[in-house]
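J.: Sharing a structure below in structure tokens format, with a few things to ask.
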Amino acid sequence: MTSQTLTRAQFQERVGQTIGTSRWYEIGQDRIDAFADCTEDHQYIHIDPARAAETPFGTTIAHGFLTLSMLSAMVYEMPAVAGAVMGVNYGMNKVRFISPVPSGARIRGHFTLDRIDDIRPTEIQTTMTVTVEIEGQDKPALVAEWLGRRYFGETA
């Protein structure tokens, strides 16, 4: 759910600034198990609490790609751009998994708008730095440079 709508000019003025922080998302074992089933990644560190307890992590941890995929939910909480009819994920320039997310932890994303490029009069590309915080920890779960495309009606 988007918190606010900005004009294209207001959005452009936000370049270089944090544009928002998402709500907290709990990464429980049920979510981790469902992700393991979807991706067929059943490594014990994610799904076997008894074996994972014997590792340096002491518990199961979320897949790095699960943490990354949560950006899809988090970005909907960032400001919308008036007139945009669609937005798409255009990829990542860089992703670093800094700290594991233990089962049961809560995470949230901090979004900084680094750049906006005009692709066409009806299309822009955004570059955002996203840092995913783990509640109560000093180091983030991940830091990514994320590209997105936003498409506008026939006139910009």
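J.: When you go through (1) closer than 22 Å to GLN4 by Cα; (2) surrounded by 15 or more Cβ atoms within 10 Å (Cβ to Cβ); (3) small (Gly, Ala, Ser) one by one for ALA105, which number turns out not to apply?
T.: Looking at each condition in turn, ALA105 falls short on (1).
J.: Let me ask something else about it. Just to be sure I understand, how many residues within the range 64-92 are of a type in the set (S, T, N, Q), touching a helix residue (DSSP H, G or I) at 6+ places or on another chain (Cβ under 8 Å) and part of a helix (DSSP H, G or I)?
T.: Start the filter on the range 64-92 by keeping residues that are of a type in the set (S, T, N, Q), which leaves 67, 69, 72, 89.
The next check asks that each one be touching a helix residue (DSSP H, G or I) at 6+ places or on another chain (Cβ under 8 Å); those that pass are 69, 89.
Among the residues that remain, those that are also part of a helix (DSSP H, G or I) are: 69.
Selection size over the range 64-92: 1.
J.: Let me ask something additional. Note down all Cβ pairs under 8 Å where the first residue falls in the range 105-129 and is touching a residue at least 24 places away in the same chain (Cβ under 8 Å) and under 16 Å from ARG8 (Cα atoms), the second is charged (D, E, K, R) and outside any strand (DSSP E or B), and they're at least six residues apart or on different chains.
T.: Close Cβ pairs satisfying both conditions: LEU113/ARG14; THR122/GLU154; ILE124/ARG8.
J.: I'm checking my understanding of the structure. Among residues of the range 4-20 that are of a type in the set (Gly, Ala, Ser) and surrounded by fewer than 14 Cβ atoms within 10 Å (Cβ to Cβ), which one is modelled with the lowest pLDDT? Let's see the steps before the verdict.
T.: The initial filter retains those residues of the range 4-20 that are of a type in the set (Gly, Ala, Ser), namely 9, 16, 20.
Imposing the further condition that a residue be surrounded by fewer than 14 Cβ atoms within 10 Å (Cβ to Cβ) reduces the set to 9, 16.
On the way: ALA9: 94, GLY16: 97.
That would be ALA9.
J.: Tell me whether the range 65-81 contains one or more residues that are under 26 Å from THR126 (Cα atoms), loosely packed, with under 14 Cβ neighbours inside 10 Å and charged (D, E, K, R).
T.: Checking the range 65-81: not a single residue is under 26 Å from THR126 (Cα atoms), loosely packed, with under 14 Cβ neighbours inside 10 Å and charged (D, E, K, R).
J.: Only residues that are over 14 Å from ALA105 (Cβ atoms) and more than 21 Å from the chain's Cα centre (by Cα): list them for the range 50-65, please. Spell out the reasoning first.
T.: Applying the first criterion (over 14 Å from ALA105 (Cβ atoms)) to the range 50-65 yields 50-51, 53-56, 65.
Scanning the range 50-65 gives ALA50, ARG51, ALA53, GLU54, THR55, PRO56.
J.: Return the residues of the range 34-56 that are part of a helix (DSSP H, G or I) and either among the small types (Gly, Ala, Ser) or in contact with a His (Cβ under 8 Å, 6 or more places away or on another chain) (or both); say none if nothing qualifies. Reasoning before the result, please.
T.: Residues of the range 34-56 that are part of a helix (DSSP H, G or I), as a first pass: 34-39, 44-47, 49-52.
ALA34, PHE35, ALA36, THR39, HIS46, ALA50, ALA52, listed by residue number.
J.: May I ask you to list the residues in the range 22-33 that are out of contact with any Asp or Glu (no Cβ under 8 Å at 6 or more places or on another chain) and surrounded by 13 or more Cβ atoms within 10 Å (Cβ to Cβ)? Before you say what the answer is, go through the steps one by one.
T.: Applying the first criterion (out of contact with any Asp or Glu (no Cβ under 8 Å at 6 or more places or on another chain)) to the range 22-33 yields 25-33.
Those that are out of contact with any Asp or Glu (no Cβ under 8 Å at 6 or more places or on another chain) and surrounded by 13 or more Cβ atoms within 10 Å (Cβ to Cβ): TYR25, ILE27, GLY28, GLN29, ARG31, ILE32, ASP33.
J.: Given the conditions (1) surrounded by 13 or more Cβ atoms within 10 Å (Cβ to Cβ); (2) over 19 Å from the mean Cα position of the chain (by Cα); (3) aliphatic (A, V, I, L, M), and given that ALA36 satisfies all but one, which numbered condition is not satisfied?
T.: The one condition ALA36 does not meet is (2).
The values are calculated or read from the model by the stated rules, or taken from the named source; none is laboratory data. Because the structure is a prediction, the values reported are computed rather than measured. Backbone-built Cβ (ideal geometry, glycine too); neighbour counts: all protein chains shown.
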